[in-house]
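The values are calculated or read from the model by the stated rules, or taken from the named source; none is laboratory data. None of the values given here were measured: they were computed from a predicted structure. Don't worry about glycine lacking a Cβ; one is built from the backbone with ideal geometry, like all the others, and counts go over all protein chains shown. Each accessible area value is taken on the protein alone, full model and side chains, heavy atoms only, with ligands, DNA and RNA left out. Shrake-Rupley method; radii C 1.70, N 1.55, O 1.52, S 1.80 Å.
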Amino acid sequence: MEEAIQGFIDHLKFGKRYSEHTIRSYTDDLKEFSTYIRAEFGEMAIGAVSAPIIRSWLASMKDAGLSSRSINRKISVLKSWFKQLIRVGEVEQSPMGAILSPKAGKRLPMFVEKTAMAELFRDVKFPDDWEGATDKLLLMILYYTGIRRAELLGLKEGLVDSGNRSIKVLGKGNKERIIPVNEVLMAAIRNYRDKKRAAFEAPDTEYLLVNRNGRKLYPKYVQRAVSHYLSQVTTIDQKSPHVLRHTFATHLMNGGAELNSVKELLGHASLAATQVYTHNSIEKLKEIYEKAFPKGDGAG
């Protein structure tokens, strides 16, 4: 089993080129699974691992108080592992088809941790070509502004105000809103705009982001780029442009932003749509509290 785990980790490291953080998460989960199997069932070939055995591991974690969200993440890791084992011919079928994920209660917007986003822009290597430049900038815009995918695709050069460090976005119902941006993002936009004119003879200069042919991006391009790069820094199930919108809002709320301000930045018609992000912030506060007082700090 250890060889099967190492083979999968090597695939993630050298084939998928996932980040150290993500590889560490996969490694820890799989080693934890392997240790449980050995302790409860003895040495076992990977082909002998069945759904009931996996369920017993999941049940042991539930009994230990692990959250449904954490258990679901481990299930996701096992699914990826068995999928790769089938691909390389080590097993014929995956036992994960018979595994049901525990309900996580009220579904909160999925988001990427702040440390993972920092790792994405600091450590992940983007190709030194036009697609690499486009991919990095679109990720920066989605994360630093929280705009929707359609708004990103429709972002025009003329709506970028370098002087006031802001962008004007045309949202749902043709409603305009102005979003302030930081100097890092504004400098990246200016640099991209200049390079575009140098890289192509007659690029699309109406829309900011273009593909390697100098033409406006299409929706699937954005989805593919976001999924590819988020896979390198996080193990969450959903890796989409909308998850980066959730991430933008959640990080703002966790940083103390007022709900009404977040509503305006997101372009929500009412506070009700924005309210859900307060739940993520409350969950964060609970987590901080539990770390500070894990067992009520001895009171009783």
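Computed over protein heavy atoms with a 1.4 Å probe, the carbon and sulfur contribution to the accessible area of the chain reaches 51%.
Using only alpha carbon pairs under 8 Å that are at least six residues apart, calculate the relative contact order of region 30-108 and give it in whole percent.
Details: 48 pairs, mean separation 25.9, N = 79.
Relative contact order, region 30-108: 33 percent.
Compute the length gained on full extension between GLU20 and ILE178: take 0.36 nm times their separation in residues and subtract their Cα-Cα distance, giving the result in nm to one decimal.
Taking GLU20 through ILE178 to full extension adds about 53.2 nm, to one decimal.
Taking only C-alpha pairs under 8 Å that are 6+ residues apart, what is the relative contact order of the chain in percent? Intermediate values should be presented prior to the final figure.
Working: 325 pairs, mean separation 59.0, N = 300.
20 percent.
Rounded to two decimals, the Cα radius of gyration of region 60-178 over 2.2 N^0.38 Å is 1.53.
Between PHE41 and LYS220, the FRET efficiency from the beta-carbon distance, with R0 = 45 Å, is close to 0.55. Separation of the alpha carbons by more than 28 angstrom is noted, of LYS168/LYS286; LYS79/LYS103; LYS13/LYS216; LYS83/LYS216, for LYS168/LYS286; LYS13/LYS216; LYS83/LYS216. Within the set (i) 20.6, 71; (ii) 22.2, 74; (iii) 21.2, 66, the number that Rg and Dmax of the Cα atoms in Å takes when calculated for this structure is listed as (ii). Each Cα pair under 8 Å and six or more residues apart adds its sequence gap; the mean of these over the residue count of region 173-294 is a relative contact order of 16 percent. Within a straight-line Cα-Cα reach of under 18 Å, LYS74 can be paired with the following aspartates and glutamates, leaving aside sequence neighbours fewer than 8 residues apart in one chain: GLU2, GLU20, ASP28, ASP29, GLU32, ASP63, GLU113, ASP237. Here is the result for region 81-176: no chymotrypsin sites (Phe, Trp or Tyr not before Pro) lie in DSSP coil with at most 16 other C-beta atoms within 10 angstrom of their C-beta. Residue separation of LYS103 and GLU258 scaled by 0.36 nm, minus their Cα-Cα distance, works out to 52.8 nm of gained length.
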